[in-house]
Every structure is written in C-alpha cells, then in structure tokens.
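The values are calculated or read from the model by the stated rules, or taken from the named source; none is laboratory data. Everything quoted here is computed from the prediction, not taken from an experiment. Virtual Cβ from ideal backbone geometry, glycine too; neighbours counted across all protein chains shown. Surface areas here come from the heavy atoms of the whole protein model, side chains and all, with no ligands, DNA or RNA. Shrake-Rupley method; radii C 1.70, N 1.55, O 1.52, S 1.80 Å.
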Amino acid sequence: MFRRFLVLAIACAVTTGCNSSKSLSDSELEARILKDTFELQGVFNSCIAGDVQKCEDSIDKADAVLALQDEACSRSIESAGCKAKPPIEKVAKAIPLYRDLAKGDLTALKKLSTLMLDKPSGELSDNERVDAAVEAADRAAEAADVAARNAKQDADPIRFDSYMTEVFGGGEAASPILTGGNPPNSRYKAAIEEAVMDDPVYAGSYSVVRLGCGTACEFIKFVNQKNGVVVDLPRDLQASPHDISHMDDSLLLKVTTYIDSNLTNCRFDDLVIEEDKFRTVRNSSGPCPSH
C-alpha cells in the first residue's frame, strides 16, 4: 500500500496528473478512464504472459486508473467511479503476484489461487496447482476485460445493460435452417453448423458466424440456437470488413463498418435483435477508431 501511495505521489509531482484530473469535465474524466482502462488491459495481458516490464507498467497504469476512479467517485459519477472500481482493484492486487511469478517466485501461485479462485493453494495437488495457475490467469484477464468493457459502456449513452436478456440454457441447439440467406446459408453449411456447437455468445441464444469473401470483404450471420433461424447482418452493412461488439446476455450489437479501402472512414451502427430481426437504434459515420 505504501508503494502505491509513493508511486501516485511521484506521478503527481512529475506530471501533475492528480491535479489535472480535477480540471476535467465529467465527460472528459469518463473518457480518460476509458482510455487508461483499455491501456491497462493491454499491458496486463502481456504481464500475465510473463513480461516482467509489462507487469511494472501495469502497476503504474492500475494506480492511475484507480486515482481517476476515485475522482469520479468523489463527483458521484457512480458508473465510472465507485461501482467500476472492484474489477480494477482485483487486477491491481494480482499484478505484483504475476510479476513475482514471472521472476520465478512460485510462492506467488499460492497467493494467486487464493485471490483469483478463493481457494487456498495448500488444498491443491501439484497438477491442480498448474490448472489453478491457468484458471487464475483466465480470471485475472477476465477481470481486466470486464473493467475495460464497463469503462467503454460508461462513456457510451447506448449501453449493453439497457438491453439485457436471459442466456439460453435449453440443452442441445436446434439444427440451423440452411434455406434462404444472403449470401445463401447452404453455401456455408459447415461453418454455420460448427458455430452452434459452442455456447451462445450474443443476445442470449445466438452464435456468430464471420465469413470472409475476399480482400476487405466479410459477411456475418447470426444463428439462433433456440429455433435454428439464421439471421444476416443488414444488407447495407454486409460485404465490408467489420468490428463488432456484443455480449451473451444483451440484445445490443455494436457494429463498426469500414467503408473505404484505407480503413479511415467508418459507419457506426447500434442494432438490437428482436424476434430474429435487427432494429437500428442509432447510426452515424466518421473517422475510424485507431487500433
């Protein structure tokens, strides 16, 4: 804890970062939290993979995000502040342990098992400890992903949690209906049938099938595991490269469509699927996000 305060104090003295956050408007503060949280997610994934320097970078970045969240909390910006802190706090506790593990300190594994799995490592066999290390890494990465996703939602007025739905748990998926489709579903029979072998990843019951159709060309289909219906992305969004964001328990689909070969101009669509049909909630266009 002392180290954290020391790092924050140095950061404030050198960059005036702590004071500058107070000068930000609420929307600017939320945007800053979003940016820093995504940066934390990137360096933390490298830390989990064993990069000691990235672990050190992750510690500093987690401290910075927590300081911004404290400022948001003090302003009663609950979504970006107090409510958003638990995943970051857990990641912040895990980072030094992954750093120590990357340096060869196996005692860190016991602490990681307790922190991420809520199960003391002393209760595990040697093989179970290896499995626990893998699962702990998955849990930690998931915590970072949740934090990044929450930050992104907080900065966007159209939120996934505004369109929640139950996740399908009805057993075996229905056989996909291969008639119809644009392009024809029958042409992609193998890919569609393979997709429904996994759990739904969108809107409670849908598998997502991404199909290449040449350079800078992509079709996306959604297969309802409840009834086998195959839904195409709206016609005016097809045949272009896309970035899509979705959740297994939300009807909302966020689509970024790259509309020129240079990947500089984009169209942004927020869609909701209802009774196997997409409805547009919002669309706009502008510069593509940087990667």
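Here are some notes:
- In this view, the solvent-accessible surface of Ser175, computed with a 1.4 Å probe and all protein chains in place, comes to about 90 Å².
- Computed with a 1.4 Å probe over protein heavy atoms only, the accessible area of Lys226 comes to about 120 Å².
- Per DSSP, loop GluC sites (Glu not before Pro) in the stretch 34-108 with at most 12 further Cβ within 10 Å: Glu78
- When Met164, Met197, Met247 are compared by accessible area at a 1.4 angstrom probe, the order from most to least is Met197, Met164, Met247.
- Distant-in-sequence amide H partners of Asn265 (H built 1.01 Å from N, under 5 Å): Ile259, Asp260, Cys288
- Charge dipole (Cα centre; +1 on Lys/Arg Cβ, -1 on Asp/Glu Cβ; no other charges) of the stretch 162-291 amounts to roughly 400 debye.
- Largest accessible area first, the listed residues Thr280, Thr256, Thr165, Thr179 line up as Thr179, Thr280, Thr165, Thr256 when surface is computed with a 1.4 Å probe on the assembled protein chains.
- Ligands, DNA and RNA aside, Asp60 has an accessible area near 70 Å² when probed at 1.4 Å.
- Too-long pairs where the Cα-Cα distance tops 26 Å, listed order kept, from Lys54/Lys254; Lys22/Lys61; Lys54/Lys110; Lys61/Lys221; Lys35/Lys110: Lys54/Lys254; Lys61/Lys221; Lys35/Lys110
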